[in-house]
1. Exposure proxy check: B:Thr22, B:Thr115 ranked by fewest other beta carbons within 10 Å?
2. On average, how many beta carbons from a partner chain sit within 10 Å of the beta carbon of a residue in A:95-108?
3. So what is the calculated 222 nm ellipticity per residue for the protein assembly as shown, using -39500 (n - 2.57) for each DSSP H run with n of 4 or more, over all residues, to the nearest 500 deg cm²/dmol?
4. Could you give the nm distance between label points at B:Arg5 and A:Asp31, where each point is 7 Å from its Cα heading toward the beta carbon?
5. Just how large is the dipole of the protein assembly as shown about the Cα centre, in debye to the nearest 20, putting +1 at every Lys and Arg Cβ and -1 at every Asp and Glu Cβ?
6. Can you put A:Met210, B:Met118, A:Met111 in order, fewest other beta carbons within 10 Å first?
7. Out of the DSSP beta bridges found with both residues in the protein assembly as shown, what percent are antiparallel (nearest 5)?
8. For chain A, what does the relative contact order come out to in percent, with C-alpha contacts under 8 Å and a separation of six or more?
Amino acid sequence: MTVATHESCAHCAHHHELVVENLHVRYRHIDALHDVSLATSCGACVALIGPNGAGKSTLLKAIAGLIPLAGGRILWRGTKVAKWSREIAYLPQRENVDWQFPITVERVVRMGRYPQAGWWKPFSTTDEAAISRAIGLMELTDLAHRQISELSGGQQQRVFLARALAQEAHVLLLDEPFTGLDRNSKAALAATLREIAAEGRLVVASHHDMDTVRDIYDEVLLLRRSAIAFGSVDEVFTTELLDQTFGGKEMPCPIG
Amino acid sequence: MEPLRHPFNQRAIIAALLIGFTNGYASAFVVLRKSALKVGSLSHALLPGIAVAILVAGLNDWSAFLGSLFAALLIGLGSLAVSRGSRIDQDSALAILYTAAFSGGIILLRRLGVTQEMDEWLFGNIMGLRDSDLWTNFWISFGALGLLTALHRPLLMTLFDAEVAATLGVPVRALNYLLLAVLIVVLISSLQAVGCMLALGLLVTPAATVYLLTDSTNAMFWGGSLLGGLASAFAVLVGWWLNIEQGPAIVLVLGACFLAAFLFSPKYGLLGRSRNKAR
């Protein structure tokens, strides 16, 4: 596995670990997720794979602290994740975002510094430096003053990534980042996610395109309401286990 | 400018500027939150609140204010309870509750024999304002604008993407309730100017108009305020010149501004856009 090189990870002797133990999430009276466990750490790219309604988005939101847990626990660096953590960034599905909202690229990225700057405090030089570094890394410098409605799908995804980098998040949770992107943008995003992981961050993304899994990810969680399998791509991304995840009869009561 | 000599008229102009400015600022939140229908329902809920308050405490400044505030909160929370406790969605629940309450309010007000005042609560009577009303409006504007600008950063994040805002530590739910409470108070402050039937126009049109002209969020807030204040004051003058009622004049002038932006905005207007295409 990659050795952590990201500055905020580098001083630690151990990898920053994300552990999900026997996670159980209920929506109204339906079990959206049960018996989901995984353990991974910074430097990895993890794919969440499963049929529609398998609970991929739910799992991402649970890790982000957006959904109350009915059971189990989520540990980040050995401590239970509270309601939210500055070190965990959540990147929503692009289709769930109001792209007509009158706001520029830079303003969206600036939101990533909110946990540091708070409600009123003006941004410090550290904040400003983090913002321009994130914008630069995601190659958005020329687009910084553009409206978000004028961006392509790939650029929109990079804005969210830049916000997560400005936030100095260690864990990036991405909901269907590749959906709706053209071929070139997909390849570019794949390379960017690899770079972000190589920097020592943890990337967790729900993923649909089976052909690209091996190129992008180190580890895979096969999900169908409960965890079918979790492990390295070679161990888990096998025909047999995929059949078990997707095959068989329709799932009862699919939910989003 | 003859009309401006009279204190009645001066008060009306100042009130129009004040109420229009505050409503214009708040209208950006309504437009960005896409909650015009919800706010419209709550504005209608104000009338039965006034009716019950008069029945209980008689007609005075505070009974109307507190009664309408209480009614809006009750119907807002009631719709939430209905939607959570049954399969009816919140918009339907809101529509059912506010129309029923509104009907009850009209019947009650007729029984109470305040038909003259009822007309004012429905459509406003900005000429009837007293000095004390102006001060009430001033303090409501001051408080609402102060609160909304102080919380601008977390509010904007909540409006843009509530889930992401929550993962960044913004207390989204509390802010949403607070915003709704502020909007209700702002609605009440505009009652005397435009009445509860037309209040929604003042609390949506200004920022919606600016939204068609600009891409900047700040321009939407402060541009909405300016447009709201100036258009309202201008409408009061138009009302004198053409001898029409000021409340409807305010909403009509704002509507005309919106129509102009809808047609002629260089970037987002119907005609502006097609001209860009033709080029």
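Rule-based calculations on the coordinates, nothing more; no lab input. These numbers were taken from a predicted model, which means no experiment stands behind them. Ideal geometry is used to build each Cβ from the backbone, glycine not excepted, and the neighbour counts take in all protein chains shown.
1. Working: B:Thr22 29, B:Thr115 9.
Lowest to highest Cβ neighbour count: B:Thr115, B:Thr22.
2. 4
3. Values: 23 runs with 315 residues, N = 535.
Taking each H run of at least 4 residues, the total per residue is -19000 deg cm²/dmol.
4. Between B:Arg5 and A:Asp31, the simple spin-label model gives 8.5 nm.
5. 880
6. Values: A:Met210 12, B:Met118 20, A:Met111 23.
In increasing order of surrounding Cβ atoms, one gets A:Met210, B:Met118, A:Met111.
7. Here the share of antiparallel DSSP bridges comes out near 60 percent.
8. RCO, chain A: 29 percent.
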